[in-house]
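The values are calculated or read from the model by the stated rules, or taken from the named source; none is laboratory data. What you see is a predicted model; the values in this text were computed from it and never measured. Cβ atoms come from the backbone with ideal geometry, glycine included; neighbour counts cover every protein chain shown. Just so you know, the surface numbers come from the protein's heavy atoms only, side chains and all, with ligands and any DNA or RNA stripped out. Shrake-Rupley method; radii C 1.70, N 1.55, O 1.52, S 1.80 Å.
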Amino acid sequence: MFIVLRRLPDGGAELTPVGRPQPGTAPVVGESVVVDEADLAMAVATREVETSPRWVWDDTRRWYPRLLGLGVRVARCVDLRLCHALLRGSEATVGSELHGAAAGPYDVAQAGVDDVAGLFEVVPESLPDPVGEFLRQRRAIESSPGRGGLELLTTAESTGALVACEMHHRGIPWSATVHDRLLTEALGPRPARGGERPVRMRDDVDEIRAALGAPDLNPDSPADLLKVLQRAGLGVASTSKWELRRHEHPVVEPLLRYKRRQRLLVANGWAWLDAWVRQGRFRPDYVPGGVVTGRWATSGGGALQLPKAVRAAVVADPGWTLVVADASQLEPRILTGLSRDVAMAAAGDGDLYEGIVASGAVATRAEAKVAMLGAMYGATQGESGRLVPRLARRFPKAMEYVEAAARTGEAGGVVSTLLGRSSPRPGEAVAADLPPEMDRGPVGRDARAWGRFTRNFVVQGTAAEWALCWMGATRAALHERFAGRGEGAPHLVFFLHDEIVVHSPADVADEVVAIVEQSAVAAGRLLFGEAPVRFPVTVAVVDDYSQAK
DNA sequence: GCGTCTCGCGCG
DNA sequence: AAAGCGCGCGAGACGC
């Protein structure tokens, strides 16, 4: 049973049930009910308890934060905007009305923070005709040869949207005190006036200027710095740290130290703390499906780039712990499943890279890792490019899978993930986000770049699907087991591509660990059935995030 | 002054 | 050892 929600122009909301009396028949639209805005949360909560419907709405960000604020959680939803993007672009819906349709009202970016009504503000109207849009989507899915995959994918994507709101709502536990201490230790005390350099960095600048004989050099200006470095005899073409590292010169050490500190100050310094941490919580704005491959993005706060240097500030509440879990070597294992490469599956019985060494393909674990990444990214040069052919000899099926994806891309074709998310067509409008040399389609040298993109798309995108299923299964199991605890229940607080963090009361951490592990197994089954591929997770129960890994 | 681009670096 | 995917962000550089 589905219930489609629509916000009415003059306030209030319309609830329209859509059901399927007999399996295999077309969905039937029932009688709508209209409720006042003030009664909406109660109406949702009541139906959630009684029938556990799948809530259908235009954009999770427009509905769910307000419900969460009123204490209403829902188990399942359909996010029409996210599913529209998936289905419209999917190769698996060719022939449906949605496939490749002209851009319409559902082709919009996720509601921004400013668009989301606060608890006491006017609520924006819905996107038009959600019932019609929902029925179009159902037809696209049900007429598809990839129906099973699309059902799972749209469900997982929508559940991700719920989790994103829930994680924002709860926030990541963050100790401003610890963060400030980390900054003070690394940089010196917070300067009294913003814009001033902390004392350690002033000392760095003095050393740099002395070493280069440039008393008024601004080390923050790459152009100035490059000029001065070259004048001092360093044959560098850029000021990047990997290039600087290769030179013996008194400036190198203080300059790299300065860059490290400057980075910390600018990206995650006191200004960041002031802007993003409130009452012991960091609440990033997650953007599910924000990456072409299906990965999440964030807007503001840089939550997916949290540097290791500040992770000690993520501290569990007293009496609570953090259960930190990451999927080991996720992408190579995804490739194993996609390609049904039994040799690679065997290598992945334990540590995958050690298994590759044991197969005789390469000599060391480090080589195995570099070779594997090179295969998935399309490396052609350097150590990585040199090692890829050795991998190809032992694991021809896996290699052929990514090679085929690359050839398709080079020829201007579309590739798809396991569940049915398709790559953008070369030159498509979505490529506005891509580097300029890649948005003109596969011509000349650009074809190779597009091939590397499609090569990686199938792996990264399917890994994102696995991760969504893992997180969704974890969320469901946590709720089933701990819902009775209310606010005291363990809950997801962070998601980072192949890693999840659960904030959990210490006394149930062991149970949470088991849930996270079982959910990884469940996600593997959902995607790959009984194929011989394993998805082991590394789990740590810690007081602060820096203690994991 | 304002918007956009490039660089460099953090993360997976 | 530094070329091979996907991002977000801030500062400086640049054009108007």
Checklist entry - When A:His168 is evaluated against the numbered criteria (1) within 16 Å of DNA strand C (Cβ to nearest atom); (2) closer than 18 Å to A:Trp57 by Cβ; (3) in contact with a Gly (Cβ under 7 Å, 6 or more places away or on another chain), which criterion, by number, is the only one it fails? => result (3)
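Residues A:Tyr401, A:Tyr377: which one is more than 14 Å from DNA strand B (Cβ to nearest atom), touching a helix residue (DSSP H, G or I) at 6+ places or on another chain (Cβ under 8 Å) and aromatic (Phe, Trp, Tyr)?
One residue alone meets the criteria, A:Tyr401.
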Item to check | Candidates A:Arg257, A:Arg246, A:Arg263 - the one that is part of a loop (DSSP other than H, G, I, E, B), charged (D, E, K, R) and farther than 29 Å from A:Ala161 by Cβ | outcome: A:Arg246
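Taking the stretch A:233-264, which residues are away from DNA strand B (no atom under 13 Å from the Cβ) and either open to solvent by 20 Å² or more (accessible area, probe 1.4 Å) or among the aromatic types (Phe, Trp, Tyr) (or both)?
Narrowing the stretch A:233-264 to residues away from DNA strand B (no atom under 13 Å from the Cβ): A:233, A:235, A:247-251, A:253-254.
A:Gly233, A:Gly235, A:His247, A:Glu248, A:His249, A:Pro250, A:Glu253 - these are the residues of the stretch A:233-264 that are away from DNA strand B (no atom under 13 Å from the Cβ) and either open to solvent by 20 Å² or more (accessible area, probe 1.4 Å) or among the aromatic types (Phe, Trp, Tyr) (or both).
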Next on the checklist: Given the criterion surrounded by fewer than 17 Cβ atoms within 10 Å (Cβ to Cβ) and β-branched (Val, Ile, Thr), identify the matching residue among A:Val537, A:Val512, A:Val521.
Outcome noted: A:Val521
Checklist entry - Conditions: (1) near DNA strand C (Cβ under 8 Å from one of its atoms); (2) closer than 30 Å to A:Val415 by Cβ; (3) part of a loop (DSSP other than H, G, I, E, B). A:Gly294 meets all but one. Number of the miss? => result (1)
Checklist entry - Only one residue in A:Leu82, A:Leu98 is in contact with a Lys or Arg (Cβ under 8 Å, 6 or more places away or on another chain), open to solvent by less than 20 Å² (accessible area, probe 1.4 Å), outside any strand (DSSP E or B) and at pLDDT 95 or above, so which one is that? => result A:Leu98
Item to check | Residue that is in a helix (DSSP H, G or I) and either touching a Ser or Thr at 6+ places or on another chain (Cβ under 9 Å) or under 23 Å from A:Val291 (Cα atoms) (or both), where the choices are A:Ala483, A:Ala464 | outcome: A:Ala464
